[in-house]
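The values are calculated or read from the model by the stated rules, or taken from the named source; none is laboratory data. Note that the coordinates shown come from a computational prediction; the quantities given were computed from them, not determined experimentally. When we count neighbours, we look across all protein chains shown, and the Cβ atoms used for this are built from the backbone with ideal geometry, even at glycine. For accessibility, only protein heavy atoms count, side chains too; no ligands or nucleic acids. Shrake-Rupley method; radii C 1.70, N 1.55, O 1.52, S 1.80 Å.
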Amino acid sequence: MINLNIEKTLGFISKEKVFAYEAQAKAAQEALENGTGKGNDFLGWLHLPSSITKEHLADLKATAQTLRDNCEVVVVAGIGGSYLGARAVIEALSDSFTWLHDKKTAPVILYAGHNIGEDYLYELTRYLADKKFGVINISKSGTTTETALAFRLLKKQCEDQRGKDMAKKVIVAITDAKKGAARVTADNEGYKSFIIPDNVGGRFSVLTPVGLLPIAVAGFDIDKLVAGATVMEKACGKDVPFAQNPAAIYAATRNELYRNGKKIEILVNFNPKLHYVSEWWKQLYGESEGKENKGIFPAAVDFSTDLHSMGQWIQEGERTIYETVISVEKTNHKLEVPTDAQNLDGLNFLAGKRVDEVNKMAELGTQLAHVDGGVPNIRIVIPALNEESIGGLLYFFEKACGISGYILGVNPFDQPGVEAYKKNMFALLNKPGYEEESKAIRARL
């Protein structure tokens, strides 16, 4: 499903040092399997792919079809892990210009609740004003400010435009099984709902209804996505030898690089469709490992685009970085460089070559240049941009994250630091119950 290559790190660290992590990686795997490590109440993702039933997938696909039949646009309302996984898959698999096509085979998927931009929300509601739209509201609590605010606006607009009966049909809640504002709203309004499992955190939730329903609405095969993840679940299993386990090797390599002063990991792609996979990955690793004044800083670039902006810093800046490159083996389409009689751009030497060959040589040339410049490179090759490969890639990163976090010595499944800004924001907005905090914080301004 994927090929992991760490050879271009070995001029900076040794294979022996990487393989010296075998015992730690094994202990981390056992802690995950046995539920004995930190954050063990959030391990529901670990065997999620292999536990998803055909009945559950059928229910998701039926609900997706209802939205597809009744909506020109579906807005996914969520923030962080409640939308990034779905967006990563949808953007990776979509025609880049589908939204421009006259004949659409699936609703346009838009996103809200991931910011508090007034102009963004105004422009979204204006765009939806003459559209048959529906909403997938994703929130375990229903009170996350960004998402709750967006959903309040969208719910009212949907009811006003389409009527209460149709709104009930095209608004779907993905939330807690029993409690929270979103659950109460869904029950009171009679919305179709799906459950966010209590033991799956947001950034690990892409293979729950959080990710699967929007992906199905967008027209992609969630059976194949889950199948790809299931293959990777087995390939990264606790009984797979360390040397053959890509998740364990990746976790060990990045920890050894970190201990050798490589504090920043840059996730690189040479395919623009992978941009939101990088955004999802940044949250997964940043929120999982950035604790106790420890953790590799996750950054991302889109090459070759960013070679013309960040390339100089990567080549010759402070040597605290390494790169992990996602390479796609085969493209889905074929396009050759044409011959030009005048050859003013000097590109006739490329005539007849596939555009992807040019891209692959840019990738190889960049790797060689960056390694020569003091930047270790990890390479991850996936066969193609399809559901199976993306499902496998996402699970690979999740499993490696769990192992890596335990090797680092942190709880990879909580995010206590995320609450700090919320407390300050609520105090500044005079939210009931935050009176004392409001006085204290305003005294500091």
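In the stretch 285-306, of all residues being farther than 30 Å from Tyr406 by Cβ and touching a strand residue (DSSP E or B) at 6+ places or on another chain (Cβ under 8 Å), the one that is most open to solvent (accessible area, probe 1.4 Å) corresponds to Asp302. Which of the residues spanning the stretch 238-265 are open to solvent by 10 Å² or more (accessible area, probe 1.4 Å) and either touching a residue at least 12 places away in the same chain (Cβ under 8 Å) or under 23 Å from Glu363 (Cα atoms) (or both)? Passing the criteria: Lys238, Phe242, Ala243, Pro246, Ile249, Glu256, Tyr258, Asn260, Gly261, Lys262, Lys263, Ile264. Taking the listed residues Leu445, Leu428, the one that is open to solvent by 10 Å² or more (accessible area, probe 1.4 Å), touching a residue at least 12 places away in the same chain (Cβ under 8 Å), over 22 Å from the mean Cα position of the chain (by Cα) and not assigned by the TED database to the domain that holds His275 is Leu428, with no other qualifying.
Name the single residue, out of those in the stretch 16-29 being surrounded by 14 or more Cβ atoms within 10 Å (Cβ to Cβ) and not hydrophobic (A, V, I, L, M, F, W, C), that is farthest from Ile403 (Cα to Cα). Once the filter is applied, the top-ranked residue is Lys17.
Considering only the stretch 260-267, I want to know if a residue exists there that is assigned by the TED database to the domain that holds Lys330, farther than 24 Å from Ile407 by Cα and over 17 Å from the mean Cα position of the chain (by Cα). Taking every residue of the stretch 260-267 in turn, none turns out to be assigned by the TED database to the domain that holds Lys330, farther than 24 Å from Ile407 by Cα and over 17 Å from the mean Cα position of the chain (by Cα).
In this structure, Val210 does satisfy being open to solvent by less than 10 Å² (accessible area, probe 1.4 Å) and of a type outside the set (S, T, N, Q). Could you tell me which numbered condition Pro383 fails, if it satisfies all but one of (1) under 18 Å from Pro298 (Cβ atoms); (2) not in a helix (DSSP H, G or I)? Result: Pro383 fails condition (1) only. For the stretch 330-346, filtering for residues that are within 30 Å of Ala247 (Cβ to Cβ) and exposed (fewer than 13 other Cβ atoms within 10 Å of the Cβ) leaves 2. Quick check on Tyr276: is it of a type in the set (Ser, Thr, Tyr), open to solvent by 20 Å² or more (accessible area, probe 1.4 Å), in the same structural domain as Leu307 (by the TED database) and at pLDDT 95 or above? So Tyr276 fits the description; yes. Checking each residue of the stretch 85-107 against the condition of being in the same structural domain as Ile196 (by the TED database) and closer than 20 Å to Pro412 by Cβ gives at least one match.
Selection over the stretch 195-239 of residues that are over 29 Å from Ile403 (Cα atoms) and outside any loop (DSSP other than H, G, I, E, B) gives a count of 2. Scanning the stretch 155-194 for residues being free of Cβ contacts under 8 Å to residues at least 40 places away in the same chain, surrounded by fewer than 20 Cβ atoms within 10 Å (Cβ to Cβ) and assigned to a helix (DSSP H, G or I) gives a total of 13. When Thr324 is tested against (1) open to solvent by 80 Å² or more (accessible area, probe 1.4 Å); (2) part of a strand (DSSP E or B); (3) among the β-branched types (Val, Ile, Thr), just one condition goes unmet, and that condition is (1).
Between Ile52, Ile116, Ile79, Ile90, the distinction of being in contact with a Pro (Cβ under 9 Å, 6 or more places away or on another chain) and not small (Gly, Ala, Ser) belongs to Ile90 only. Inclusion of Ala177 among residues that are in contact with a Lys or Arg (Cβ under 8 Å, 6 or more places away or on another chain), over 18 Å from Val76 (Cβ atoms) and aliphatic (A, V, I, L, M) is warranted. So, of the residues in the stretch 221-236 that are open to solvent by 40 Å² or more (accessible area, probe 1.4 Å) and not small (Gly, Ala, Ser), which turns out to be nearest to Phe151 (Cα to Cα)? Only one residue fits best here, namely Asp221. As for the stretch 75-92, it holds no residue that is small (Gly, Ala, Ser), farther than 30 Å from Phe133 by Cα, modelled with pLDDT of 95 or more and crowded, with 20+ Cβ neighbours inside 10 Å. Checked against the criteria, Phe204 does not count as at pLDDT 95 or above, aromatic (Phe, Trp, Tyr) and over 26 Å from Leu408 (Cα atoms). Filtered by the rule that a residue be β-branched (Val, Ile, Thr) and open to solvent by 30 Å² or more (accessible area, probe 1.4 Å), the stretch 398-425 gives a lone residue, Val418. Would you call Phe349 open to solvent by 80 Å² or more (accessible area, probe 1.4 Å) and of a type in the set (Phe, Trp, Tyr)? The answer is yes for Phe349.
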